[in-house]
Amino acid sequence: MIDVMPIVAGARLRLANSSTAEVVENMHDGQWLMIRYVAAEDEAIVGEEELVHASDIVAVDAT
């Protein structure tokens, strides 16, 4: 599992569901981030925001 504590708003994430998301807010609880989808197989969710758990994050992309 990725340590989400140092992840800042604006960081790009690759998720287990093959989506790419941008961090909107770090909840600073060590588990949850508010994200906005920027690319996804299901194009209907692009632009939507939701909470994502650290266990669903595959990688933090370099910015």
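When region 29-41 is filtered for residues that are surrounded by 11 or more Cβ atoms within 10 Å (Cβ to Cβ) and without any contact (Cβ under 8 Å) to a residue 24 or more places away in the chain, the ones remaining, listed by number, are M34, I35, R36, Y37, A39, A40. Within region 3-28, the set of residues being among the polar types (S, T, N, Q) and open to solvent by 50 Å² or more (accessible area, probe 1.4 Å) comprises N17, S18.
Just so you know, in region 42-55 the residues that are surrounded by 15 or more Cβ atoms within 10 Å (Cβ to Cβ) and within 11 Å of the chain's Cα centre (by Cα) include one that is farthest from V4 (Cα to Cα), and it is V52.
Apart from one condition, V60 fits all of (1) open to solvent by 40 Å² or more (accessible area, probe 1.4 Å); (2) under 10 Å from the mean Cα position of the chain (by Cα); (3) free of Cβ contacts under 8 Å to residues at least 40 places away in the same chain; the exception is (3).
The values are calculated or read from the model by the stated rules, or taken from the named source; none is laboratory data. The model shown is predicted, which means the values in this text are computed figures rather than measured ones. All Cβ positions, even for glycine, are placed from backbone atoms using ideal geometry, and neighbour counts span all protein chains on display. Just the protein is used for accessible areas: all its heavy atoms, side chains included, with ligands, DNA and RNA removed. Shrake-Rupley method; radii C 1.70, N 1.55, O 1.52, S 1.80 Å.
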